[in-house]
1. Relative contact order for chain B using alpha-carbon pairs under 8 Å, separation at least 6, rounded to a whole percent?
2. Could you pull out every one of the lysines with an alpha carbon less than 22 Å from that of A:LYS97, ignoring same-chain neighbours closer than 8 positions?
3. Any idea what the dipole of chain A comes to, in debye rounded to 20, about its Cα centre with Lys/Arg Cβ at +1 and Asp/Glu Cβ at -1?
4. How long are the three semi-axes of the equivalent ellipsoid for the stretch B:1-65, computed from the Cα gyration tensor as the root of 5 times each eigenvalue, in whole Å, largest first?
5. Calculate how large, on average over all directions, the projected area of the Cα convex hull of the stretch A:2-100 is; give the answer in nm² to one decimal.
6. So which chymotrypsin sites (Phe, Trp or Tyr not before Pro) in the stretch A:1-70 are both in a DSSP loop and have at most 14 other Cβ atoms within 10 Å of their Cβ?
7. Would you mind giving the mean number of other chain beta-carbons within 10 Å of the Cβ of each residue in A:37-48, as a whole number?
8. Let's see if you can work this out: charge +1 on each Lys and Arg Cβ, -1 on each Asp and Glu Cβ, no other charges. What is the dipole magnitude of chain B about its Cα centre, in debye to the nearest 20?
Amino acid sequence: RKEVEQDPGPFNVPEGATVAFNCTYSNSASQSFFWYRQDCRKEPKLLMSVYSSGNEDGRFTAQLNRASQYISLLIRDSKLSDSATYLCVVNSGGYQKVTFGTGTKLQVIP
Amino acid sequence: EAGVTQSPTHLIKTRGQQATLRCSPISGHTSVYWYQQALGLGLQFLLWYDEGEERNRGNFPPRFSGRQFPNYSSELNVNALELEDSALYLCASSAVRQETQYFGPGTRLLVL
C-alpha cells in the first residue's frame, strides 16, 4: 500500500458545483496534514492545514478522519480558477520524511 | 518577506554532465527540502536538510547529493546526468522540521 494515496482524477465539474477529494494514508502515527494546490507548471502552494477538529476557509473545508486514516477536501461553489491539481501532504513527525500524494486534478468547466 | 528562491530557473545539460541547483530558504527557516517532479508525475522526495545536516533522503541513487550551508541555503548536485533526470526540481523550506513547507519556483533541468 502506498504511504499516501489520492485519486488522480480528473474531476470535471461545472461551475458552482460542490466537489470533494479524499486522501488516504498508511502510517497511523502521522501527525500533521496539509492540502496544497499546484497549477500547471508552477510550484505547489499551501492551501490549508488539516486539523483534528476540521477547518474551513471560505469555500474550502478540510477534515481529518484518524480512525479511517484519510483526509478530505471539500470545495463549494466551484470557480473556474479552482482548476488545478490538489496535493495532500502527510508528516510523520521527527525526521521521518514528509510525503506528498500524487495529486488529484480538478477541472471546473463553464 | 522574500520567498524561497531557486537558481537557475532553467538548465540544459548533456548526458554525463553534472548539474548544480541552488536554493535560498525563507529568512529564519532552517529546513530545506528537495523534490523532483517529472512531467506529468507527482513530487518525489529527494533530500531533506535541517541545521546543516542531511536528515533524510528519498529513493534516489547516490549521484543525487547536496548540502546545506551555514546560512541555511542549499545546493543539489546531480552527477552523471541521465536523460530521465529531466524534470522540475523544487526546493521548499520550513521554519522548524516538519512544519508547513513553502516552495520556490523550481529549476527546470533538461538533459539532452
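The values are calculated or read from the model by the stated rules, or taken from the named source; none is laboratory data. As the structure is a prediction and not an experimental result, all values here were calculated from the model. Positions of Cβ are generated from backbone atoms using ideal geometry, with glycine treated the same way; all protein chains shown enter the neighbour counts. The accessibility values were calculated without ligands, DNA or RNA, using every heavy atom of the protein model including side chains. Shrake-Rupley method; radii C 1.70, N 1.55, O 1.52, S 1.80 Å.
1. Relative contact order comes out at 37 percent.
2. The qualifying lysines are A:LYS2, A:LYS45.
3. 220 debye
4. Working through the eigenvalues yields semi-axes of 21, 16, 13 Å.
5. 6.5 nm²
6. When the chymotrypsin sites (Phe, Trp or Tyr not before Pro) of the stretch A:1-70 are filtered for loop state and at most 14 Cβ neighbours within 10 Å, A:TYR51 remain.
7. For this peptide, the per-residue mean of nearby foreign Cβ atoms is 4.
8. Roughly 280 debye for chain B.
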